[in-house]
């Protein structure tokens, strides 16, 4: 998927939401009228029009971005290209759903909720991280019990971490040999520190002008350090999912 398809998808979502709200309001008016409770209709109408106005503005924004971007300006993603920065776009979903785009507007990674299992008091959330270029799939499991556990599994490695510390701005996960710290600094940047080494950060508002032709200037940017390997990138993404779900 490229960013043009993302904008087209988002515009359809907000258009459908406007239609659903309008239909729900019409049905509510019919029911209230049948019970002769007409005094509530003006108040409901004000709230409905407020939601429709918000959704309509977002619909126009994504529709305009979709028309603005030309497919010719988006170059194909090369498998051997090493990109250290990704724009994060979140999609509406009942579970976590995010896409990671390179600076040319091509979706390189995608992560979304797969399914959920319950065993007594234990809940296990499954997420699927997929590399679009290499068609590589990584399974991320977050287990909720007395002590939350995060497991990352793929063909090249399998790692299990337990939550060791959790406060308002910082989480620490540890395994037998490794530890991962994800925290917000004073500039509201999300920092990822693996075994004492800074490997990545997420920031907003520092986007080059050229990228703003494709992305919103406030889009979160995930930046990896130059000496970060593929395993560390995958682990960073997995722990960011937990941080976005339970801390942001």
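The values are calculated or read from the model by the stated rules, or taken from the named source; none is laboratory data. Worth saying up front: this structure is predicted, and the values here are computed from it rather than measured. Please note: Cβ atoms are built from the backbone with ideal geometry, for glycine as well, and neighbour counts cover all protein chains shown.
Highlighted here are the strands (runs of 3 or more DSSP E) found entirely within segment 134-192 that include at least 2 residues which are closer than 24 Å to residue 220 by Cα: 136-144, 149-153, 170-174, 179-184.
The sole residue among 28, 95, 22 that is at pLDDT below 85, in a helix (DSSP H, G or I) and surrounded by 11 or more Cβ atoms within 10 Å (Cβ to Cβ) is 28.
One residue stands out among those in segment 227-248 that are over 17 Å from residue 195 (Cβ atoms) and part of a loop (DSSP other than H, G, I, E, B): the one that is farthest from the chain's Cα centre (by Cα), which is 247.
Criterion applied to 190, 221 was being closer than 25 Å to residue 151 by Cβ, under 17 Å from the mean Cα position of the chain (by Cα), touching a residue at least 40 places away in the same chain (Cβ under 8 Å) and buried (at least 16 other Cβ atoms within 10 Å of the Cβ), and the one residue passing it is 190. Considering the conditions (1) farther than 22 Å from residue 154 by Cβ; (2) touching a residue at least 40 places away in the same chain (Cβ under 8 Å); (3) more than 17 Å from the chain's Cα centre (by Cα), residue 185 is excluded by exactly one of them, (2). Taking every residue in segment 200-214 that is free of Cβ contacts under 8 Å to residues at least 12 places away in the same chain and pairing it with any residue that is part of a strand (DSSP E or B) and surrounded by fewer than 16 Cβ atoms within 10 Å (Cβ to Cβ), at least 6 positions away or on another chain, yields no pair with a Cβ-Cβ distance below 9 Å. For residues that are surrounded by 14 or more Cβ atoms within 10 Å (Cβ to Cβ) and more than 17 Å from the chain's Cα centre (by Cα), tally how many sit in segment 193-218. Here the count works out to 6.
Within segment 207-214, is even one residue more than 30 Å from residue 8 (Cβ to Cβ), modelled with pLDDT under 90 and part of a loop (DSSP other than H, G, I, E, B)? Looking through segment 207-214, none of the residues is more than 30 Å from residue 8 (Cβ to Cβ), modelled with pLDDT under 90 and part of a loop (DSSP other than H, G, I, E, B). Of note, residue 117 satisfies the criterion of being part of a strand (DSSP E or B), in contact with a strand residue (DSSP E or B) (Cβ under 8 Å, 6 or more places away or on another chain) and modelled with pLDDT under 90. Given the criteria closer than 28 Å to residue 3 by Cβ, modelled with pLDDT of 90 or more, touching a strand residue (DSSP E or B) at 6+ places or on another chain (Cβ under 8 Å) and assigned to a strand (DSSP E or B), does residue 127 qualify? In short, yes.
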